[in-house]
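Shown next, in structure tokens, is the structure this report addresses.
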Amino acid sequence: MIECTHVYKKYRNGTNALYDINLNVAQGEFVYIIGPTGSGKSTLIKLLDGEEIPTKGTVGVIGIDVGKLRHSKVPIYRRNIGVVFQDYRLLPSKTVFENIAYALEVINMKKDLVRRRTREVMNLVGLDDKANSFPNQLSGGQQQRVAIGRAIANRPKLLIADEPTGNLDPAMSDEIMSLLEKINREYGTTVLMVTHDLTLVNKHRKRTIVLEHGHVVADLAEGGYVQHDQ
Amino acid sequence: MINRLFRPLKEGFRGVIRHGAMSLSSATAVTLTLIIVSLFLIFTVNVNQMTEGMEQTVTISVQIDHDHESAEQEDQLAMEIKAIEGVGSVTYYTKDEEFQFYLDSFEDEETKEVFEPFRDDNPMHDAFYIEVTDGTQLEEIAKKIEELDGVHKVAFGGQSAVQLISMLRTIRIAGGVLALALSLLAVFLIQNTIKLTILARADEIAIMRNVGAKNGFIRSPFVVEGAMIGALGALIPMAMTYYGYRYLYDVTGGYVVSKMFTLIPAKPFALYASLVLLGLGVLVGLIGSFFSVNKYLRWKR
Ligand SMILES: Nc1ncnc2c1ncn2[C@@H]1O[C@H](COP(=O)(O)OP(=O)(O)OP(=O)(O)O)[C@@H](O)[C@H]1O
Ligand SMILES: [Mg+2]
């Protein structure tokens, strides 16, 4: 599913963000990526969704060499993956329904299919009654659920989330967590989730990859993480 | 399928409305440049027409020697003339036809009577009338023809016309270049204002790419929006051109200074010119927005 081999990333301004990352994630796994701020978590996500190109090494996702994609092919690749961000990134001028439907219109799905699938997804993320609300009329947790709904609308095999609970209180975070677990369980979607929230990591135990200063310093199959002395 | 065509139109229209202030400022930039372009357009096209009219009056007449009147000799000469660079059409008249023209140039019958006896002992020459493709080369071409075998006499009309033609030609080129430069300026202006509207929606574009929208899908509404703004900006220049030119034509009576400088009739031209402006506005908006979206799309992977 995900195969990173000897991946290095050095930004144009000279910042080294990742060193020799080797990573294998199988279909259907749920994996946390944790680590202190600046350790390269978001950089890894950006390499996976094609936003950044590795300086060295190959980033393989569902058999595609993501770093080698042409600019115009990147969006088409993204149809295979769903991405969720800390800041939701919803289109402010579109309603909840339209935001989710947009991800399907983009891939030229037929109109009635779009409508049916959007209803389905809204039901899945528990927003049946918010179809005509605009993003700024929703709570953070609700907005994040719209974003997750949009990300999974066209049934991607991989869902990557960069601190999806970063702006949410613990109760809402738990809700989002359960939603992601449900998606992982019911659809077999591989989930890769960056988080800062150690309480969450320790509560919902999953395979946990720890980054520090751009290196993978631990890959804990059983999950759970106790912060060691800095 | 219909949706694919309809969506950009709908979204583009929404964009114009939603970003009303910016649309209006872009449209104003287009309006101002198109007004100036319109002036140059009308000027240049009219000058062009005058030049062409004058060029047609400039011909070279070649009289053929009496000892060169056999069909072969004349064919030979015609071929040699046609081979000269800058020679357009070549028309041949026999000396009888020439004589008849001469007679016909007199109004009163008495004078015609006087010349009639000469018909059988015709002093006229067979002749070629030559139109040149480039009025400025008139003199050179005439000289070259003079050197050919069997040429009795070469004459051409309107040395002053020739100078005028070359002057008008310069003016026409300058006008064309200016109109083009102004159109480019308009592209630049609209590109800049549309860039602002796009920058305001940078997040939107990034999100579109995030959810897998192809570049064309993202671009098309913006391009439509640009075209609509361009069309909007063209409205005032169109009206000004349409009514302005008709008014100008009426007031001047259709010519400037002398009958030689006739204006293009207002009837279809005022309409065509304003349609050209509409086309130009749409094109400018289209190209301008195309470039600025592209630039932004490249920005973000
Ligand atoms: N676009 C960029 N250009 C240059 N340097 C960057 C860029 N993005 C990130 N960096 C640098 O790369 C390093 C890793 O950043 P990254 O955003 O991946 O960290 P992170 O683990 O996601 O941190 P956080 O937990 O704060 O989100 C940092 O030193 C950061 O300053
Ligand atoms: Mg980050």
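The values are calculated or read from the model by the stated rules, or taken from the named source; none is laboratory data. Everything numeric here is computed off the predicted structure, so don't read it as measured data. All Cβ positions, even for glycine, are placed from backbone atoms using ideal geometry, and neighbour counts span all protein chains on display.
Tabulated values for the structure
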{"item": "Residue in the stretch A:65-83 that is among the small types (Gly, Ala, Ser) and farther than 23 Å from A:ILE183 by Cα present", "result": "yes"}
{"item": "Every residue from the stretch A:68-123 that is more than 16 Å from B:ALA206 (Cα to Cα) and among the small types (Gly, Ala, Ser)", "result": "A:ALA101"}
{"item": "Set A:THR118, A:THR195: member being within 22 Å of A:LEU104 (Cβ to Cβ) and of a type in the set (Val, Ile, Thr)", "result": "A:THR118"}
{"item": "Scope the stretch A:155-171; condition buried (at least 17 other Cβ atoms within 10 Å of the Cβ) and either on the phi > 0 side of the Ramachandran plot or away from ligand 1 (no atom under 16 Å from the Cβ) (or both); matching residues", "result": "A:PRO156, A:LEU158, A:LEU159, A:GLU163"}
{"item": "Hits in the stretch A:16-45 - residues which are surrounded by fewer than 19 Cβ atoms within 10 Å (Cβ to Cβ) and near ligand 1 (Cβ under 9 Å from one of its atoms)", "result": "A:ASN16, A:PRO36, A:THR37, A:GLY38"}
{"item": "Filter result (of a type in the set (Phe, Trp, Tyr) and within 13 Å of ligand 1 (Cβ to nearest atom)) within the stretch A:46-86", "result": "A:PHE85"}
{"item": "In the stretch B:249-301, the residues that are more than 14 Å from chain A (Cβ to nearest Cβ) and under 22 Å from A:HIS71 (Cα atoms)", "result": "B:ILE287, B:GLY288, B:SER289, B:PHE290, B:PHE291, B:SER292"}
{"item": "Residues that are surrounded by 19 or more Cβ atoms within 10 Å (Cβ to Cβ), under 17 Å from A:ILE34 (Cβ atoms) and away from ligand 2 (no atom under 16 Å from the Cβ), drawn from the stretch A:178-199", "result": "A:LEU180, A:VAL191"}
{"item": "Boolean, B:ILE198 is among the β-branched types (Val, Ile, Thr), out of contact with any Pro (no Cβ under 8 Å at 6 or more places or on another chain), within 14 Å of chain A (Cβ to nearest Cβ) and assigned to a helix (DSSP H, G or I)", "result": "no"}
{"item": "Residue under evaluation A:SER39, criteria (1) of a type outside the set (A, V, I, L, M, F, W, C); (2) under 17 Å from B:MET208 (Cβ atoms); (3) more than 10 Å from every other protein chain (Cβ to nearest Cβ); (4) within 16 Å of ligand 2 (Cβ to nearest atom), criterion not met", "result": "(2)"}
{"item": "Unique match (being buried (at least 17 other Cβ atoms within 10 Å of the Cβ) and either on the phi < 0 side of the Ramachandran plot or in contact (Cβ under 8 Å) with a residue 24 or more places away in the chain (or both)) among B:TYR243, B:TYR249, B:TYR272", "result": "B:TYR249"}
{"item": "Flag for B:GLN137 being part of a helix (DSSP H, G or I) and surrounded by 15 or more Cβ atoms within 10 Å (Cβ to Cβ)", "result": "yes"}
{"item": "Members of the stretch A:1-15 found to be surrounded by 15 or more Cβ atoms within 10 Å (Cβ to Cβ) and within 16 Å of ligand 2 (Cβ to nearest atom), listed by number", "result": "A:LYS9"}
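Table: residues versus (1) outside the structural domain of B:ILE36 (by TED's automatic domain parsing); (2) under 15 Å from B:LEU34 (Cβ atoms); (3) over 19 Å from the mean Cα position of the chain (by Cα).
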residue	(1), (2), (3)
B:GLY230	no, yes, yes
B:LEU235	no, yes, yes
B:TYR247	no, no, yes
B:ASP250	no, no, yes
B:GLY253	no, no, yes
B:PHE261	no, no, no
B:LEU271	no, no, no
B:LEU277	no, yes, no
B:VAL282	no, yes, yes
